[in-house]
1. Against the definition (modelled with pLDDT under 85 and out of contact with any helix residue (DSSP H, G or I) (no Cβ under 9 Å at 6 or more places or on another chain)), how does Lys361 come out, yes or no?
2. Here's a check for you: in region 357-379, which residue that is in a loop (DSSP other than H, G, I, E, B) and in contact (Cβ under 8 Å) with a residue 24 or more places away in the chain is most open to solvent (accessible area, probe 1.4 Å)?
3. Quick one: would you say Leu240 is at negative phi and part of a helix (DSSP H, G or I)?
4. Among the residues of region 120-151, what is the count of those that are hydrophobic (A, V, I, L, M, F, W, C), surrounded by fewer than 21 Cβ atoms within 10 Å (Cβ to Cβ) and either within 17 Å of the chain's Cα centre (by Cα) or under 25 Å from Lys40 (Cβ atoms) (or both)?
5. Which one of the conditions (1) part of a helix (DSSP H, G or I); (2) open to solvent by 60 Å² or more (accessible area, probe 1.4 Å); (3) in contact with a Lys or Arg (Cβ under 7 Å, 6 or more places away or on another chain) does Tyr114 fail to meet, given that it meets all the rest?
6. Looking only at residues in region 218-242 that are open to solvent by less than 60 Å² (accessible area, probe 1.4 Å), under 27 Å from Gly294 (Cα atoms) and among the polar types (S, T, N, Q), which one is modelled with the lowest pLDDT?
7. How many of the residues making up region 161-182 are touching a helix residue (DSSP H, G or I) at 6+ places or on another chain (Cβ under 9 Å), open to solvent by less than 10 Å² (accessible area, probe 1.4 Å) and not hydroxyl-bearing (Ser, Thr, Tyr)?
8. Which of the following residues is in contact (Cβ under 8 Å) with a residue 40 or more places away in the chain and at positive phi: Gly310, Gly294, Gly286?
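The values are calculated or read from the model by the stated rules, or taken from the named source; none is laboratory data. Predicted, not measured: the structure shown is a model, and the values here were computed from it. FYI the Cβ positions are ideal-geometry reconstructions off the backbone, even for glycines, and counts take in every protein chain you see. Protein only, heavy atoms only, side chains kept; ligands, DNA and RNA dropped before computing areas. Shrake-Rupley method; radii C 1.70, N 1.55, O 1.52, S 1.80 Å.
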Amino acid sequence: MTKTDISVICPLYRGQEYIDAILEMLYRNQHKLTEAGAAKVTEVIFVNDYPQEKISLPQSQREDVRLKLLEPGRNQGIHRSRVLGVEQAEGEYILFLDQDDRIHEDYFKSQLFYIDGKAAALCNGYYQNSRIIYSSRAEQENAACLSEYLKQKDVIISPGQVLLRADSIPQEWRHNCFSQNGSDDVLLWILMLCSNHGFAINEEKLFWHLESDANASYQFEKMKQSIQELLTRVLGLDCLSSEQKEVFRGATERRLARYDQYASLQKTLDNLAKESNLSSLRKYIGSRHTAVYGWGILGREFWKMAQRAGIDISFAIDAGKAAFMEPEIPLYKPQEDLPQADIIIVTPVTGFQEIKAFLQKKCQAEILSLSAFLERIGT
């Protein structure tokens, strides 16, 4: 049998509807390789992590794109699904692809060119609202620096940005599967960078990161559990020095505290759904032009609550990293000229005084943190 060059591992969760788009995307990549004279063979390994759904793959098989379906028979989470795919993979290279990821038709060709003896190739790409993930090469290079991860910065947005050599995937990552989704890829990058695996930087924009803000309160709680699990596993592995562990512990504990604050604010926002609280919101804001600083989960949740109260949020302000969603209202960066606003609600839970001081230099609006605002309307 002809050897396999690339193994694409794609966990599925209620994923039947995504299969055709995934395969079409990969077929186009394979066609580009053939056009370039590269006789490569790709295997696509789907791992069904929702056994209640029967997954059907195309009956006809291509010689250059082989399909496999793994059905563990139980929900095991994305980390175990990825590991199961790795254990069955035959390719020299591995690509972890989420079911709703999108890659450019030149992804394979370009990443194979740039990896050039390195353990991994990291490409640039876009959020779904067409914002570029890395605005400079230096920012992209930081994404492959261990120090950034020790400070709890999520600098590789998704595993789909990275083509990996199969033999560079650490055994510790395979043997320490997370029970909660969300941070297994961070553990992977930490382990690889601790082992001094080199990442090639591919500045081409080849990846689209899609994200949903559904079930926000659920996300906060699950992400907190996943980050706590990450802390426990990293500290339990012999991959960091004592000093590095303390840096990582401190940064992680601060991040967990922020998630506690976010979860608390989310619960308060949920109370706004009650008509009595919506009336308090209407009474406080009245006809004043209102804006939101921070278009992350809490910013969008506040906007939704305002909509229910019949209040028009004029615009949002966001530095860019959190604004991965397609904005439903005009979105400005803090440095841009801002429209008139009478009140600006600041949704990030840290750095309020700095944000307030910055905004006061640009406008005459009343500036309130989300927590202070919610206290004022009595929720």
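1. For Lys361, the condition - modelled with pLDDT under 85 and out of contact with any helix residue (DSSP H, G or I) (no Cβ under 9 Å at 6 or more places or on another chain) - is not met.
2. Step by step, filter region 357-379, then rank; the result is Lys362.
3. No: the conditions fail for Leu240.
4. 1
5. Unmet for Tyr114, out of (1) part of a helix (DSSP H, G or I); (2) open to solvent by 60 Å² or more (accessible area, probe 1.4 Å); (3) in contact with a Lys or Arg (Cβ under 7 Å, 6 or more places away or on another chain): (3).
6. So the residue we want is Gln219.
7. The number of residues fulfilling the criteria is 6.
8. Step by step, each of Gly310, Gly294, Gly286 is checked, and only Gly294 is in contact (Cβ under 8 Å) with a residue 40 or more places away in the chain and at positive phi.
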